[in-house]
C-alpha cells in the first residue's frame with residue numbers, strides 16, 4: 001500500500017477521532033459569518049452592494065480552509081516530540097511520499113471543515129448563484145487547502161518547538177486572511193493596498209470561490225486557477241525540499 005495513502009488516511013482518522021477539534025474548528029468561522037454577515041449586512045446593503053452574507057460566506061469558507069490547512073503542520077511537531085516522525089523517516093519510503101501523504105491528509109481535513117462551514121452558511125441564508133458550479137467550488141477549496149497545507153508542512157519541517165510555530169503562523173496567517181479580500185471588495189482600493197492583496201495567495205482562492213458560489217470574480221477563473229496551481233507547485237516543492245532536510 002502506498003505510503004502517501006497510508007499517511008493521508010492516518011491524518012483523516014486522527015481528525016475524525018478528535019470530536020473536540022471538529023467542534024472547536026467551527027467556532028471562529030461561525031463568529032465571523034454570523035457577527036459580520038448579519039451585523040454589517042445593513043451597512044453593506046445601503047452602500048448598494050447587496051447582501052453582505054452572500055459576499056462574506058465564500059471568504060469565511062476560505063478562512064476556515066486557511067487556518068485548518070496551515071495549522072496541520074502542528075501535527076508534525078507532535079509527531080517529532082513523541083517519536084512517530086523518526087519512526088516514519090527511517091522507514092524505507094522516499095521522504096517525498098511521506099511529505100505528500102501528510103500534506104494531502106491535512107488538505108483533506110481542511111476541505112471537510114470548509115464544507116461544514118459552507119453547510120452552516122446555507123442554513124444561515126446563503127444561497128449559491130449556480131448549483132451546477134458547486135463541484136467547481138470544491139476544486140478551488142482543494143487547491144487552497146493544498147497551497148496552505150504545503151506551507152504548514154514547510155514551516156513544520158524547520159521549526160523545532162510548538163511555541164515558535166504558533167508565533168510564526170499567527171504572524172503570517174492573520175495578515176494573509178485580512179488582506180485577502182475575504183471581508184471587503186477588491187474594487188477601488190488604494191494602489192498600495194491593491195498591490196498587497198495581489199501578493200496574498202489567499203486572494204485568488206477567495207476570488208475563485210466567490211466566482212463559483214455567487215458568480216462574482218475580480219480576476220477571472222483562468223487567472224485564479226493559474227495562480228493557485230502555480231502556488232501549489234511552488235509550496236509543495238519548498239515543502240518537499242525542507243522535509244527532505246529534516247535531521248533525525
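The share of C-alpha pairs in the range 104-188 whose separation exceeds 16 Å stands at 66 percent. P(r) tail for the range 105-248: Cα pairs beyond 28 Å make up 22% of the total. Pairs of Cα atoms nearer than 8 Å and 6+ residues apart set the relative contact order; for the range 3-244 it is 27 percent.
The stretch between residue 12 and residue 35 holds 5.2 nm of extra length on full extension. This uses 0.36 nm per residue minus the Cα-Cα distance. Dividing the summed helix terms, -39500 (n - 2.57) for each DSSP H run of n ≥ 4, by the number of residues in the chain produces a 222 nm estimate of -25000 deg cm²/dmol to the nearest 500. Measuring nothing but how far apart in sequence close Cα pairs (under 8 Å, 6+ apart) lie, relative to its length, the range 201-248 scores a relative contact order of 32 percent. Computing FRET efficiency as 1/(1 + (r/R0)^6) for residue 234 and residue 86, where r is the C-beta to C-beta distance and R0 is 25 Å, gives about 0.35. To the nearest 0.05, how large is the calculated FRET efficiency for residue 163 and residue 131 if R₀ is 35 Å and r is the Cβ-Cβ distance? My answer for the efficiency is 0.20. Result for the chain in a Gaussian network model with C-alpha springs under 10 Å: among 192, 137, 227, the largest mean-square fluctuation is at 192.
Given the chain, what whole percent of its Cα pairs are spread farther than 33 Å? Here the tail beyond 33 Å accounts for 19 percent of pairs. Note on residue 138 and residue 187: the model spin-label points, each 7 Å out from Cα along the C-beta direction, lie 3.2 nm apart.
Once the Cα atoms are used to define both axes, helix 52-70 deviates from the longest principal axis of the chain by about 10 degrees.
Coordinate-derived values only; no laboratory data. The model shown is predicted, which means the values in this text are computed figures rather than measured ones. As a convention, Cβ positions derive from the backbone with ideal geometry for all residues, glycine included, and neighbour counts pool all protein chains shown.
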